[in-house]
Amino acid sequence: MNRTHVVSVAGVRRELPIVPVSSELSVAFLKLYGDPELIEQCASALARRVHQDVELLVGPESGGILLTHLIGTKIGIPYVVARKKRRPNMVTPLHVSVQTIGTESIQHLFLDDDDARKVAGSRVAIVDEVVSSGGTLTALRELLAQAAAQVVQVLTVATEGEERDSVTSLCHLPVFRSEPT
């Protein structure tokens, strides 16, 4: 029998599948892609919570792209995306490594030259779908520090596991013990 967890976020109710991320740990998998109603409502709710001093939004590829774009469009704030791969247009990109709860191997985040100049000296908000172990958040903070940006807010649809007072979130998701197979 498949386990699920029911959540209500931004006025939208969803039944989330509980999926293993390790032999000991499972999470309620919140998927915004392919769910226009959920992502639209979440983006609207988060857009209303963006601090007035935020000048720029920064989202990680790939989970943060749609959310960052929608929030930026709704409130008229530009955004940049931290990419997972070095692209040909990146002459001297800023770079950090990241290990997350949802990945088995070390990943990377890159900020291209133009985006690094855009964020330099700016007050930015980091936007992502879920903050769980905090690996991506820590890596983004490090990347933005390299670019001389000031992180003034973190926005996410959900925190997971440990609650984080420093994160503006629409809901909190518990973690679960993985069931033996």
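So the values come out like this:
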item: Some residue of region 155-167 being within 24 Å of Arg87 (Cβ to Cβ), among the acidic types (Asp, Glu), surrounded by 19 or more Cβ atoms within 10 Å (Cβ to Cβ) and under 17 Å from the mean Cα position of the chain (by Cα); result: no
item: Scope region 61-82; condition touching a helix residue (DSSP H, G or I) at 6+ places or on another chain (Cβ under 9 Å) and either surrounded by fewer than 19 Cβ atoms within 10 Å (Cβ to Cβ) or free of Cβ contacts under 8 Å to residues at least 40 places away in the same chain (or both); matching residues; result: Leu66, His69, Leu70, Gly72, Thr73, Lys74, Ile75, Ile77, Pro78, Val80, Val81
item: Residue list for region 1-30, restricted to those being in contact with a helix residue (DSSP H, G or I) (Cβ under 9 Å, 6 or more places away or on another chain) and either within 13 Å of Pro174 (Cβ to Cβ) or surrounded by 14 or more Cβ atoms within 10 Å (Cβ to Cβ) (or both); result: Val9, Ala10, Val12, Arg14, Leu30
item: Close pairs (8 angstrom Cβ cut-off, 6 or more residues apart or separate chains): under 16 Å from Ile71 (Cβ atoms) and touching a residue at least 24 places away in the same chain (Cβ under 8 Å) in region 115-142, surrounded by 21 or more Cβ atoms within 10 Å (Cβ to Cβ) and among the aromatic types (Phe, Trp, Tyr) anywhere; result: Val127/Tyr79
item: Failed item, numbered, when Asp112 is tested on (1) surrounded by fewer than 18 Cβ atoms within 10 Å (Cβ to Cβ); (2) in contact with a Pro (Cβ under 9 Å, 6 or more places away or on another chain); result: (1)
item: Residue check for Lys85: over 14 Å from the mean Cα position of the chain (by Cα) and within 29 Å of Val21 (Cα to Cα); result: yes
item: Checklist (1) of a type outside the set (S, T, N, Q); (2) crowded, with 20+ Cβ neighbours inside 10 Å; (3) farther than 16 Å from Ala147 by Cβ applied to Tyr33, failing item; result: (2)
item: Per-region count, region 22-45, residues within 16 Å of Thr159 (Cα to Cα), in contact with a Ser or Thr (Cβ under 9 Å, 6 or more places away or on another chain) and either hydroxyl-bearing (Ser, Thr, Tyr) or not in a helix (DSSP H, G or I) (or both); result: 4
item: Selection status of His51, surrounded by fewer than 16 Cβ atoms within 10 Å (Cβ to Cβ) and more than 18 Å from Ala82 (Cβ to Cβ); result: yes
item: Residue in region 86-98 that is within 22 Å of Phe29 (Cα to Cα) and of a type outside the set (D, E, K, R) present; result: yes
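Just so you know, all these numbers are worked out from the coordinates, no wet-lab data involved. Note that the structure is a prediction, hence the values are computed from the model and not measured. Positions of Cβ are backbone-derived with ideal geometry, glycine not excepted, and every protein chain shown enters the neighbour counts.
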